[in-house]
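Here the structure is laid out as structure tokens; the discussion comes afterwards.
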Amino acid sequence: MNRNQLYESMDQIPDKVLERSENRKNRSHRPWWFGAVAAALLIAVTIGVALRPGIMNSNSTFKTAAIKTAVYPEMAPFAEESQFVDSATGEFDSESYSEARDAWWESYQAQRQKEGYADGLESFFTKSIPVFLAGKEGQNSAYSPLNVFMALGMLAEITDGNTRQQILDLLGSSDIESLRTQAKAVWNGQYQNDGVNTCILASSLWLRDDINYVESTLDTLADTYYASSFQGKMGSEQMNQALRDWLNQETGGLLEEQIGTLSLDSDTVIALVTTLYFRAAWANQFSEDNTRPQTFHGPDGDVETDFMHASEMSVYYQGDDFTAVDWSLQNRGTIWFLLPEEGTSPEELLKDSQALEFLSESSYRESVEYYLINLALPKFDITSQTDLLEGLKTLGVTDAMDWSISDFSPVTQDFKEVFLSQVQHGVRVAVDEEGVEGAAYTVMQADGASAAAEPEEVDFVLDRPFVFAITSQDGLPLFVGIVNQPG
């Protein structure tokens, strides 16, 4: 697609279909930031051992504790035509608009990656989705495949030996250099920060003030994962506040309530933290006028809840045991809704190889057709909390949990007998007329011992448990979840 085609497609998003239903006519118009999609994922790897008391680091606040600071790419702001209309005369400054669009296009293209940069990730997605969404039959659950991939990549950087090899095997990388190349491409391929759409994978390493760190490892983390590094007195209020300030900054304040309870123990040696912040508006917002109560047939019985309704041309896929449609986000990815056949639960569907391939491989989703979709989508607000430790063992990452194997020497050689003790993963996703808002965190804690034809029409009514997937513009899964009970 050339720049003119992209400009045209963006300008025409609200009118992209040839014919809308009457329900679309009354749709309200709001600024882009109403109904933004926001998703944040916190990964914290806390490596704690019983140590002598440390000396308070005077550089213990967010701004002064930094020993290495990541620098993000610069993006020109996205230019909209309304910004170049003189409010007094009503005249449109086409020359300035064209210059601004060209500047944005150049910075946008600078982040695009070569085709195939994410090849090989499908195996990790296919393996991990059913494992990390299992065990919660009848409950709402959610998981962020892409950010867990990035977190595991960071974990591979600060470990070695068989622990690193097990992570490489799970992520489908032949060696650490291949993983670095792919992780950096994934980071840049998702990155967007143009004032309208945002997708940022942020990372940081937090070091105890009496730890001797390996400089080259910090350099690699900064270059590959755009990770900043900080050092201070673990367990101090200054260090904890610095961590909270960094997290709130990188997640746009979305997780302020949850982040307010986070702290690092005084026994913590290293904390590895990553976030994913994602924001985009619906390509076409739902009208509140078309929201009305309807019955959702949940596993625990019928419930009355508000359903949003809209009709537009969209892709439709018919699988053996499910049907799927997507609903576009403005210039940034899409949300897929997978509805299992009657009698099949979402949990059972996620054991089906065809459904997993559909969720994991963007190329698999190309075999779709366009229909006029009459969507009935329940507003939902779901939360999910999962311990991923046993799941990682199932996926082959076992040595990281063995206290007798100390594979953390790439970041420090001071302390031995370190092992992961828990990996908590929490997610919240809410959907309403204006958009989707989501937040997630994962805490890894380690202890030590020391179309042209007339379109066909489809009624797609999500009035029973279903699967959803929020994917990036390149089709990578940012979130996958199950809605058993909306609300």
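The values are calculated or read from the model by the stated rules, or taken from the named source; none is laboratory data. These numbers come from a predicted model, not from an experiment. When we count neighbours, we look across all protein chains shown, and the Cβ atoms used for this are built from the backbone with ideal geometry, even at glycine. To get the accessible areas, we keep the full protein, side chains included, count just its heavy atoms, and leave off ligands, DNA and RNA. Shrake-Rupley method; radii C 1.70, N 1.55, O 1.52, S 1.80 Å.
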Evaluate the following for Ala118: is it within 30 Å of Val467 (Cα to Cα), open to solvent by 50 Å² or more (accessible area, probe 1.4 Å) and not charged (D, E, K, R)? no
Report yes if Phe322 is closer than 18 Å to Thr344 by Cα, out of contact with any Cys (no Cβ under 8 Å at 6 or more places or on another chain) and open to solvent by less than 10 Å² (accessible area, probe 1.4 Å), otherwise no. yes
Take Ser314 and tell me if it is closer than 20 Å to Gln473 by Cβ, among the polar types (S, T, N, Q) and within 17 Å of the chain's Cα centre (by Cα). no
Yes or no: Thr275 surrounded by 21 or more Cβ atoms within 10 Å (Cβ to Cβ) and under 20 Å from Val429 (Cα atoms)? yes
In the stretch 325-359, how many are open to solvent by 60 Å² or more (accessible area, probe 1.4 Å) and either assigned to a helix (DSSP H, G or I) or more than 14 Å from Val467 (Cβ to Cβ) (or both)? 5
Which of the residues spanning the stretch 292-303 are open to solvent by 30 Å² or more (accessible area, probe 1.4 Å) and either part of a loop (DSSP other than H, G, I, E, B) or within 20 Å of Glu433 (Cα to Cα) (or both)? Arg292, Pro293, Gln294, Thr295, Pro299, Asp300, Val303
Being open to solvent by 60 Å² or more (accessible area, probe 1.4 Å) and among the aromatic types (Phe, Trp, Tyr) is the filter; apply it to the stretch 367-405 and report the residue that is modelled with the lowest pLDDT. Trp403
So, Leu168, is that one farther than 16 Å from Leu389 by Cα and within 18 Å of the chain's Cα centre (by Cα) or not? no
All conditions in (1) at pLDDT below 90; (2) over 20 Å from the mean Cα position of the chain (by Cα); (3) surrounded by fewer than 19 Cβ atoms within 10 Å (Cβ to Cβ) are true of Ser362 except (2)
Against the conditions (1) open to solvent by less than 40 Å² (accessible area, probe 1.4 Å); (2) touching a helix residue (DSSP H, G or I) at 6+ places or on another chain (Cβ under 8 Å), where does Thr268 fall short? Just the number, please. (2)
